[in-house]
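Notes for the one structure printed next.
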Amino acid sequence: MEGAIDLRTRLKYLLMILSALWPPNRHDLWRLGNAFRCILSQSKEKVSSKPFYAQIEPTTACNLSCRFCLNPTLTVRHTLSYDDFLQALNGLPTLLMLNLQGLGEPTLNKDLFRMASEARRRKIYTFTVTNLNLPELIIDKLAQSDFSAINISMESIDPDQYSWYRVGGDLALLEQNLQMLKEKRESYGTDFVVGIWTLITEDTIDKVHEIFQFAKGSGIIERIQFVFLTDKKSHLDNYDGDLRKQLVVNRRATASDIRKRLRALSKEFGILGYLVEGRCRWLWTGIFVNAEGYVAPCCNIKNYREPAWGNIRLEENLAEVWQGNEWNMVRKGILSESDGHPSCTGCPYLY
Ligand SMILES: C[S@@+](CC[C@H](N)C(=O)[O-])C[C@H]1O[C@@H](n2cnc3c(N)ncnc32)[C@H](O)[C@@H]1O
Ligand code: SF4
Ligand code: SF4
């Protein structure tokens, strides 16, 4: 997660992590102690703790070409092997939370569900995010899966607007699949939570309540994560003119107003809604592993080879990589009032 979330949502995540760990053994207590050290070190340029969160990219293959996403600009696609996934998990023994998602549709990796099961066996709270424009066979696998949470991406409840953002996407198919997921979850008796991840743009900003209405009507959505359409330079360079007009002007000032609205809507609908915004937290909590096995400070940094952030096949101890000099330079950049490390240029989470 790039930015900050409010205290109420943080507490909810803590409870979810604890329930995945319960009952804790000595190793689990050690992992919890490390996570608290991570949180306490958030204003430090050097860390002695190890990451408790990882985002691991299952694949860069995708079935859609969303207007706002860098995925359609990729020229080569990669899929993470199960062995590489195990190598990454073994190199990160302090993990408490895992996001199996990257720049692609995670369900296109045939080993995704084995990965979720292995992470659950290690008592790691594991979630993913999908476009849900998927065949029934995959909905069936999702419904039987060991994920703790499955999130569905959607920007609008209007079919035309949805397809404007999600080129090749079909809202009717998403809705049909969401109901199927609900029925199958009931019949399999699985326990994952279902959420929505959605973008705030100039067009969607006044329709936040519609997403809550949709979520309530679905009878399965329990939480909604909002993020601003990113204005990081590397993304901006790939936006078309119409999408650039969708960027929220003055997002920092807007954030506090949105948080107020989300609190009221959460109460009204009984669904947790929260905004991810604020100073970058990645460097003190998490690590990103891409589908080729390269690691980076976050999912927004795409220059994996230069500087060399690390690779799961070369480094057994990813936590040591995380404490390395190049990573400390990024920490320093985020904490200073400057433009940050060159890899972070133009990032909206440089507060
Ligand atoms: C890259 S997608 C990968 C997972 C899956 N394919 C999906 O669409 O949910 C993960 C999340 O990143 C978000 N995302 C992609 N491009 C973005 C951008 N330019 N600004 C903010 N969020 C973005 C998507 O909306 C989605 O919720
Ligand atoms: S479905 Fe997800 S990964 Fe694919 S283009 Fe859309 S946002 Fe990007
Ligand atoms: S680009 Fe830099 S500041 Fe932005 S989220 Fe990534 S690590 Fe944090």
Please list, in chain and number order, the residues 5+ apart from Gly310 or on another chain whose amide H is under 5 Å from its amide H, with Hs placed from the backbone. Val295
The chain - mean residue ellipticity at 222 nm from DSSP helices (-39,500 (n - 2.57) per run, n ≥ 4, rounded to 500): -12000 deg cm²/dmol
Using mean Cβ contacts within 10 Å as the protection proxy, how do 320-331, 12-23 order, highest first? 320-331, 12-23
Amide H contacts under 5 Å for Asn151, restricted to residues at least 5 apart in sequence or on another chain and with H modeled in the peptide plane, are Thr128, Val129, Thr130, Gly195
A correct Karplus calculation of ³J(HN,Hα) over the stretch 114-124, with 6.51 cos²θ - 1.76 cosθ + 1.60, θ = phi - 60°, whole Hz and x for Gly and Pro, returns 5, 4, 4, 5, 5, 5, 5, 4, 8, 6, 9
I'd like the Karplus ³J(HN,Hα) series for the stretch 314-329: coefficients 6.51, -1.76, 1.60, θ = phi - 60°, whole numbers in Hz, and an x wherever there's a Gly or Pro. 9, 10, 6, 10, 5, 5, 5, 4, 4, 8, x, 4, 4, 6, 5, 4
Per-selection Kirkwood Rh - the chain (Cα, Å, 1 d.p.): 20.6
How much length, in nm to one decimal, is gained on full extension between Lys141 and Ala172, taken as 0.36 nm per residue of separation minus their Cα-Cα distance? 9.1 nm
Once every Cα of the stretch 66-181 carries one equal point scatterer and solvent is ignored, give the base-10 log of I(q)/I(0) from the Debye formula at q = 0.10 Å⁻¹, two decimals. -0.33
Ser19 to Leu86: extension gain in nm, 0.36 nm per residue of separation minus the Cα-Cα distance? 21.8 nm
Given backbone amide H placed at 1.01 Å from N, residues whose amide H is under 5 Å from that of Tyr125, ignoring those fewer than 5 places away on the same chain, are Met97, Leu98
The local net charge around Thr254, scoring Lys/Arg +1 and Asp/Glu -1 for residues other than Thr254 whose Cβ lies under 13 Å from its Cβ, equals 0
Whole-Å distance, taken between Cα centres, linking the stretch 163-211 and the stretch 221-241: 17
Virtual paramagnetic centre 7 Å along Cα→Cβ of Leu40, amide N under 20 Å, in the stretch 1-31: 11, 14-15, 18, 26-31
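Just so you know, all these numbers are worked out from the coordinates, no wet-lab data involved. On a predicted model such as this, the values are computed, not experimentally measured, just so you know. Note that each Cβ is placed from the backbone with ideal geometry, even for glycine, and that neighbours are counted across all protein chains shown.
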